[in-house]
């Protein structure tokens, strides 16, 4: 065959697998994909503000009213936001936590019982955090040492924590008038409510923990490849336990925020929070398969959902339609990301 | 320029089932195929040779319809063809058996074979017809003993491969593409595979066979096409007549096959051994294994898949918990079944399955290199990416890893370079004993030689190396001392210089139950998980 005989080695022999490296621009560097995705999410957020400016120029074009409106958005976002930070860690490690809403309810009830309140604000804060962390510990131990699938373990916790909250409160709303607790949502520092400040502090700490500490590195490693992490000497089980404790702790913090905002603890608090937190993490670019995700992305995810709610409220639109839109946003966000991941996967395709 | 050997006389053009001319495929940033020529005849085994990154996988994906070429022509059975989808290629009669077999573990043998085209009446699967068809196909493949109702996940690797081939036959494939089929097989299983392949070609089916092992190509191949950097550098060479030197030089631009670093003269070690294993036993896997490795020594273990060789390594490393026996490093006993303890004591391991057991594919090179020791570069729990990158750059320079930019994701590296990342991980932070499980699997010839050099150099620096490989020449060429395992026991231990390949193969297989013919009942339960 002529094609066969005409082929000759055109390159000088002795060249072994030439490195196909081209000069890298900033957008190809470490973390650049995350940066691009986050820019896109910020774009969505700006778009929402523009929609606000068109539909309610009286609010969105008046600096003072815009500021107070956005503080409302952040206040409403703070409890779910703190939970989403914890959820992001758990999902990056390859897990899932369905119990967060129920843990919030349990912690809010536990810290507002007559007995707890009688010991003062310190006891209430301690109770909320300890209940969250302890329930997270149970989750983690069941998953890491009992080898339960995270979905099952946390589903069981979700059901029983909600039941326990109901049992403790007797399905009554437990009012608190503890001044310190109420001041968290009521008082402001430099014009910003303390709950919002706590939320932002949790986000910053979460970012540092994920990106700058060995804890974060271990989280990404076991989510990216559990077996590789184990064979590299990482204590996967201990890390898993710690991650669910972290998730529970976030629920405790969020519970205090909700108690402060509603001046009460109730076994109906945090209903559906698990799905909202998962949704926010996912549109923020966290992969349900683990190993990939950012705190900033999750923050933006939370803010987008809160801003949409706010737009519906200020325009007096029915909230049921909003749920439909939220569902659509989740689908679109994931579709866009899948497209990106496939194109990433195809690039180095040969051999 | 070397002329390929003249065409065999008497071949009429219609014997050619597949012809590719000037096929080009580019991906963003990479020209994966840059003018590929290929001609495959009915009833031949056409071997495709090339290093990692030469474009073999892309070529397969084009033939199986997963990619469409940018330009060039594909002629299939005398007509121009374009396979827009894997389904279209399958319908046309091209079946591909991938390295990672794409079988559904939870379905039965018969269900897997007819997956996607189940015989049915009005939507109801005709189970009996399907089972009968599957049994007939297995008969045709010479393996009627594989039970058609058995769950595929419970079959050994070799039997899975046969099921994969059966699936191709159930679709009346005229061309079978096999991507490194022998990689998951032990020596005698490969012989069995060859028997089946010969049977298929006798029925007029064409086979494209991809392998890194030249001896296999010699044995099973009819003609060879060599790819390098996305181009055909030689087409239609005689598989049996072309000298190794020429094949290798076409592939790599080098004229050598395996180059082993020089072995120091046989030594006696005065000091106590670095690693001492006594009476290690893991029921069902291996029994009463004792061995010693000195600092600076390379000890090789060879044996069939299922002989317990990988499990011994994993037990020393703590990834499995042995039932009895002790592992001592420098005289200090290691806690059984604790990877942590092993790593802290200074043991490192490059496991058998690089991608699933050792690498974070999406993470950058430096984070993979420092995976076992990022805590060392951290201060009070805070990581220091700058110092990690510096350390990783030292390693990549040392191992001549390409690309040199340590921020690249590991996914974009070739197999050989990925293996360097795994080995490089243990060059940081004072590893005293390195356990290597199949260090050169899926690694091309050029990168192999480099890895051998690295391993020997490590030993010269005083690291003890315990190596497992199913490639006997590799174990013999690289090790100072060799242990041969069979059915969970060490059957021979000798300095590598005193053994030759035939002796070792005899030892490995003597009295073996694994005679290849009776896969279903006696083959081991898969390889090390």
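Within 10 Å of each residue's Cβ, count the other Cβ atoms and sort A:143, A:325 from fewest upward.
By the 10 Å Cβ count, ascending: A:325, A:143.
Could you list B:164, A:99, B:271, B:338 so that the one with the fewest beta carbons within 10 Å of its beta carbon is first and the one with the most is last?
B:271, B:338, B:164, A:99
Go through A:91-97, B:464-470, B:483-489 and give me the packing order, highest mean Cβ count within 10 Å leading.
A:91-97, B:464-470, B:483-489
Of all the C-alpha pairs in segment A:152-275, what % are more than 20 Å from each other?
On the way: 4433 of 7626 pairs.
Result: 58 percent of Cα pairs exceed 20 Å.
Taking only DSSP H segments of four or more residues, each worth -39500 (n - 2.57), what value at 222 nm results for the protein assembly as shown once the sum is divided by all its residues, to the nearest 500 deg cm²/dmol?
About -15000 deg cm²/dmol.
What are the extents of the Cα atoms of segment A:98-193 along their three principal axes, listed from largest to smallest and rounded to whole Å?
So the extents along the principal axes, rounded to whole Å, are 45, 34, 19.
So what does log10 I(q)/I(0) come out to for segment A:74-144 at q = 0.27 Å⁻¹, using the Debye formula with one equal point on every Cα and no solvent?
For the requested q values the scattering log ratios are -1.22.
Please pull out the direction-averaged projected area of segment B:37-119, using the convex hull of its alpha-carbon atoms, in nm² to one decimal place.
With every direction weighted equally, the projected area is 7.1 nm².
Over all distinct Cα pairs, what is the inverse of the mean 1/r for the protein assembly as shown, reported as the Kirkwood hydrodynamic radius in Å?
After inverting the mean inverse Cα-Cα distance, the result is 30.5 Å.
Write down the Å³ per residue value for the convex hull defined by the alpha carbon atoms of chain B.
Numbers: hull volume 88.8 nm³, N = 529.
With only Cα atoms used, chain B gives 168 Å³ per residue.
Bins of 10 Å, beginning at zero and ending with the bin holding the largest distance: percent of Cα pairs per bin for segment B:276-427, please.
11, 35, 32, 20, 3
Can you divide the C-alpha Rg of segment B:212-358 by 2.2 N^0.38 Å and report the result to two decimal places?
1.44
Across peptide B:375-384, how many C-beta atoms of other chains are within 10 Å of each residue C-beta, on average?
Other-chain Cβ atoms within 10 Å of each residue's Cβ, averaged: 4.
If a paramagnetic tag sat 7 Å from the Cα of residue A:145 along the Cα-Cβ line, which residues of segment A:228-251 would have the backbone N under 17 Å from that point?
Once the point is set 7 Å along Cα→Cβ of residue A:145, A:235-246 turn out to lie under 17 Å by backbone N, inside segment A:228-251.
Beyond 18 Å, what share of the Cα-Cα pairs of segment B:94-232 is found? Please give it as a whole percent.
Value for segment B:94-232 (Cα pairs over 18 Å): 55 percent.
Quick one: give the max-minus-min coordinate of the C-alpha atoms of segment A:208-351 along each principal axis, largest first, in Å.
Reported extents, whole Å, longest axis first: 56, 37, 23.
Below 8 Å, C-alpha to C-alpha, sequence gap of six or more: please give me the relative contact order for chain A in percent.
29 percent
Given labels modelled 7 Å from the Cα in the Cβ direction, how far is it in nm from residue B:203 to residue B:288?
For residue B:203 paired with residue B:288, the spin-label model returns 4.7 nm.
Spin-label point model (7 Å from Cα, Cβ direction): what's the residue B:85 to residue B:269 distance in nm?
Going from the residue B:85 label point to the residue B:269 one covers 6.0 nm.
Relative to the longest principal Cα axis of chain A, at what angle does helix A:273-283 sit, 0 to 90 degrees, rounded to 10?
Compared with the principal axis, the helix lies near 30 degrees.
Write down, largest first, the equivalent ellipsoid semi-axes of segment A:169-220 in whole Å, where each equals the square root of 5 times an eigenvalue of the alpha-carbon gyration tensor.
Semi-axis lengths for segment A:169-220 are 32, 19, 7 Å.
For segment A:220-275, just the Cα atoms, rotate onto the principal axes and tell me the three extents in Å, largest first.
On the principal axes, segment A:220-275 reaches 49, 18, 15 Å in Cα extent.
Test of understanding: ordering B:76, B:426 by Cβ neighbours within 10 Å, fewest first, what list do you get?
Numbers: B:76 21, B:426 27.
Fewest to most other Cβ atoms nearby, the residues stand as B:76, B:426.
So how far, in whole Å, is the C-alpha centre of segment B:19-90 from the one of segment A:59-82?
57 Å
With an 8 Å Cα cut-off and a minimum separation of 6 or more residues, compute the relative contact order for segment B:158-241 in percent. Walk me through the numbers on the way to the answer.
Working: 76 pairs, mean separation 20.8, N = 84.
Normalised by residue count, the contact order of segment B:158-241 is 25 percent.
Report, for segment B:397-509, the % of DSSP beta bridges that are antiparallel, rounded to 5.
Values: 6 of 11 bridges.
Counting only bridges with both partners in segment B:397-509, antiparallel ones make up about 55 percent.
Kirkwood hydrodynamic radius, segment B:78-141, all distinct C-alpha pairs: what's the number in Å?
Final number for the Kirkwood radius of segment B:78-141 is 13.7 Å.
Figure the gain on full extension for residue A:190 and residue A:35 (residue separation times 0.36 nm, minus the Cα-Cα span) and round it to one decimal in nm. Don't jump to the answer; show the numbers that get you there.
Working: separation 155, 0.36 × 155 = 55.80 nm, distance 3.01 nm.
Contour length minus the Cα-Cα distance gives 52.8 nm.
Could you tell me what percent of the DSSP beta bridges with both partners in the protein assembly as shown are antiparallel, to the nearest 5?
Counting only bridges with both partners in the protein assembly as shown, antiparallel ones make up about 60 percent.
Between segment A:123-137 and segment B:374-438, what's the alpha-carbon centroid distance in Å?
40 Å
Just to be sure I understand: with springs between alpha-carbon atoms less than 10 Å apart, which residue in A:45, A:317, A:71 has the highest mean-square fluctuation in the Gaussian network model of chain A?
Between A:45, A:317, A:71, it is A:317 that shows the largest mean-square fluctuation.
Let me see the P(r) profile for segment B:298-348: every Cα-Cα distance counted, bins of 10 Å, each bin given as a percent of all pairs.
Cα pair-distance distribution for segment B:298-348, in percent: 26, 52, 22, 1.
So, how do all the Cα-to-Cα distances of chain A break down into 10 Å bins, in percent, from 0 on up?
Bins of 10 Å from zero give 5, 22, 29, 23, 11, 4, 3, 2, 1, 0 percent of pairs.
Please compute one quarter of the surface area of the Cα convex hull for segment A:41-88 and express it in square nanometres.
3.7 nm²
Percentage of Cα-Cα pair distances in segment B:141-201 greater than 15 Å, rounded to whole percent?
Everything past 15 Å amounts to 49 percent.
Which values of log₁₀ I(q)/I(0), to two decimal places, follow from the Debye formula for segment B:175-294 at q = 0.10, 0.11, 0.13, 0.16 Å⁻¹ with a uniform point scatterer at every Cα?
-0.55, -0.63, -0.75, -0.88
Provide Rg over Rh for segment A:190-250; use the alpha carbon set for both Rg and the Kirkwood Rh (inverse mean inverse pair distance).
In segment A:190-250, Rg relative to Rh is 1.13.
For chain B, what relative contact order do you get, as a whole percent, if you take Cα pairs closer than 8 Å and at least 6 residues apart?
Contact order relative to length: 16 percent.
Just the C-alpha atoms of segment A:231-305: what Rg/Rh do they give, with Rh taken as the Kirkwood radius?
With Rg and the Kirkwood Rh in hand, the quotient comes to 1.05.
For segment A:159-214 and segment A:267-305, what is the centre-to-centre distance using only Cα atoms, to the nearest Å?
A separation of 17 Å, based on Cα centres.
Bear in mind that the values in this text are calculations on the coordinates, not laboratory data. What you see is a predicted model, and the numbers here were worked out from it, not measured in a lab. A quick note on method: Cβ atoms are made from the backbone with ideal geometry, for glycine too, and the neighbour counts reach across all protein chains shown.
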